[in-house]
Amino acid sequence: MADPELDVLVSGKTSFKIEVPYQLIESGPKAESKPLIVYLHGFGENAETFRNECEELLGIPAYHLFIQAPYPLYDRSRKKEVSEWGRAWYLYDGNQSQFTRSLELASEFIQEVIDNLLKVISVSRICVFGYSMGGYLAGYFALTRWKHVNELIVVGARIKSEVLNDKWEHVKHLNVLALHGSEDDKVKPDPQQAEIDKMKENGVRAEFILVGESHSFSQGYVTEAADWLKKRGY
């Protein structure tokens, strides 16, 4: 039974600051303007591990922006320093409204990083490249920040086209590539295939490629992405 003399005087929320690293790399000859490729890693990875996995893409003349997700995943083995811990992009408990709110918060964070960099570099076009958890975020970011994105590459995730509320006219300028593993037993390929079909039906230049891989990020995905970008002038 509650103590009748207890009185909650103040109940509220406040913010907690956490530092999130990012790294901008320039590849190729110096130019007045270059494409910007934004890389969003998967659950449990960090910016450094994803950069190592995307080495082939660094051969494309562009600005390459690797951002680390904000939520740290505690290393129970206690064998890693905090800087080496894996990270998560959003908080998801199965509730769709919570999912969307968390995606929006992460997108605001990414947009802030990009906006600050655009003050010091000249960018000709922007591609967002995301894998798994980062793929869900990349899709959400591109569809809600459509004025700023030209290309979207999603690996092992589903593009949540429902966030458009059927305003397809906003995203008809996008070039979209969905890469999915035929052996992916964590995120089945059929829902993503259906999303790409829907995009094409609504006038978006979208392509679905099934790769003979599992859900784990692999060189096969990187090579497909690199070839696709080069065909589009990167």
Failed item in (1) touching a strand residue (DSSP E or B) at 6+ places or on another chain (Cβ under 8 Å); (2) over 28 Å from K147 (Cα atoms), with K200 passing the rest: (2)
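Answer yes or no as to whether E19 is of a type in the set (D, E, K, R) and in contact (Cβ under 8 Å) with a residue 60 or more places away in the chain. Break it down into steps so the answer makes sense when it comes.
Numbers: of a type in the set (D, E, K, R): yes; in contact (Cβ under 8 Å) with a residue 60 or more places away in the chain: no.
It is false that E19 is of a type in the set (D, E, K, R) and in contact (Cβ under 8 Å) with a residue 60 or more places away in the chain.
Quick one: in region 68-117, which of the residues that are of a type in the set (D, E) and in contact (Cβ under 8 Å) with a residue 12 or more places away in the chain is surrounded by the most Cβ atoms within 10 Å (Cβ to Cβ)? Even if it seems obvious, please write down each step before you answer.
Looking only at region 68-117, we keep the residues that are of a type in the set (D, E), and these are 75, 81, 84, 93, 104, 108, 112, 115.
Adding the requirement that they be in contact (Cβ under 8 Å) with a residue 12 or more places away in the chain leaves 84, 104.
Numbers: E84: 11, E104: 15.
The residue in question is E104.
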Those residues of region 50-67 which are without any contact (Cβ under 8 Å) to a residue 60 or more places away in the chain and under 16 Å from I110 (Cα atoms), in sequence order: H64, L65, F66, I67
With the first residue restricted to region 215-234 and required to be touching a residue at least 12 places away in the same chain (Cβ under 8 Å), and the second required to be among the basic types (K, R) and open to solvent by 30 Å² or more (accessible area, probe 1.4 Å), Cβ contacts under 7 Å at 6 or more apart or on different chains are H215/K186
Positions within region 176-197 being in contact with a Gly (Cβ under 8 Å, 6 or more places away or on another chain) and within 15 Å of E151 (Cβ to Cβ), in sequence order: L179
Only one of (1) within 25 Å of Q96 (Cα to Cα); (2) touching a Ser or Thr at 6+ places or on another chain (Cβ under 6 Å); (3) not β-branched (V, I, T) fails for N165. Which number is that? (2)
Taking strands (runs of 3 or more DSSP E) that do not extend beyond region 1-108, which have at least 3 residues that are over 20 Å from G135 (Cβ atoms)? 22-26
Looking at E104, E32, E19, E84, which is the one that is at pLDDT 95 or above and of a type in the set (D, E)? E104
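Name every residue in region 36-49 that is surrounded by fewer than 22 Cβ atoms within 10 Å (Cβ to Cβ) and more than 12 Å from the chain's Cα centre (by Cα), in order of residue number.
Of all residues in region 36-49, those surrounded by fewer than 22 Cβ atoms within 10 Å (Cβ to Cβ) come to 43-44, 46-49.
Matches in region 36-49: G44, N46, E48, T49.
If you go through region 46-65 one residue at a time, do you hit one that is among the aromatic types (F, W, Y) and either farther than 14 Å from A88 by Cα or at pLDDT below 95 (or both)?
So in region 46-65, the residues among the aromatic types (F, W, Y) come out as 50, 63.
Still in the list and also either farther than 14 Å from A88 by Cα or at pLDDT below 95 (or both): 63.
Yes: region 46-65 contains one or more residues that are among the aromatic types (F, W, Y) and either farther than 14 Å from A88 by Cα or at pLDDT below 95 (or both).
The values are calculated or read from the model by the stated rules, or taken from the named source; none is laboratory data. Here the structure is a predicted model, which means the values were calculated and not measured. Backbone-built Cβ (ideal geometry, glycine too); neighbour counts: all protein chains shown. For accessibility, only protein heavy atoms count, side chains too; no ligands or nucleic acids. Shrake-Rupley method; radii C 1.70, N 1.55, O 1.52, S 1.80 Å.
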